[in-house]
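Some notes on the structure that comes next.
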Amino acid sequence: MKPWWLDERVHAGAEHLDERYVAGYDLKAGFDPAEDLDVLQRHGLGPDSIVVDLGAGTGAFTVAVAGLCRHVVAVDVSPAMTAALRGRVDELGLDNVTVADGGFLSYEHQDEPADVIFTRNALHQLPDFWKAIALDRMASILRPGGILRLRDLVFDFAPAEAEVRIEAWM
């Protein structure tokens, strides 16, 4: 890696690197992936699909999609998150899931081109310039005609409302 390349862990948010926070992550930030799975299945996700989950966290999506596809690569920059996810995958006996340490900028895809890339609430951690690099890297992982399901945090309010809105959200 070049010395000027962004260290994704620095931008991951300290809480995502903390084992105590990660232990309660699903209670705070967990989600039901049913809607995402429905959309992906309607657009071609199937039993032969290879899926890459970027910013996999503790694996809510990874675990849910594992039964619907051939192989899932779950990627996260946080060693605490990947440790929790590996434990979950082992506990459930999911033999078609690979957990990889890395992120949008550092993950090196070693599998066939992905049919699906899924990412939720992770890309916003990168500064804007690096988001463009991340999107380019995702495109290089996807097979032609593959699916990118990108969901992220977008704030839509007047700047004058920022303090009140952010305080309420936290």
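Every read-out reported here was derived from the displayed coordinates using simple, explicitly stated rules and does not represent laboratory data. What you see is a predicted model, and the numbers here were worked out from it, not measured in a lab. Note: ideal-geometry Cβ built from the backbone for every residue, glycine included; neighbour counts use all protein chains shown.
Once the other residues with Cβ under 14 Å from the Cβ of R143 are scored (Lys, Arg +1; Asp, Glu -1), what is the net sum?
Values: positive: R70; negative: D48, D111, E112, D115.
Spelling it out: positives minus negatives among the neighbours equals -3.
Please report the relative contact order for the chain, taking Cα pairs under 8 Å with a sequence separation of at least 6, and give it as a percent rounded to a whole number.
Result for the chain is 22 percent.
What are the DSSP H helices in the chain that stretch 15 Å or more along their long axis, judged by alpha-carbon atoms, and whose average Kyte-Doolittle hydropathy comes to at least -1.0? Numbers along the way, then the final one.
On the way: long enough: 79-92 (20 Å, 0.03); 128-141 (20 Å, 0.41).
Correct list, ordered by number: 79-92, 128-141.
So how far apart, in nm, are the two label points at R42 and Q110 if each is 7 Å from Cα heading toward Cβ?
Once both label points are built, they end up 3.7 nm from each other.
Roughly speaking, what % of Cα-Cα pairs in the chain are separated by over 25 Å, rounded to a whole number? Numbers along the way, then the final one.
Values: 4646 of 14365 pairs.
More than 25 Å apart: 32 percent of the Cα pairs in the chain.
For T98, which sequence-distant residues (separation of 5 or more, or a different chain) have an amide H within less than 5 Å of its own amide H, given hydrogens modelled in the peptide plane?
Amide H neighbours of T98: V72, V73, A74.
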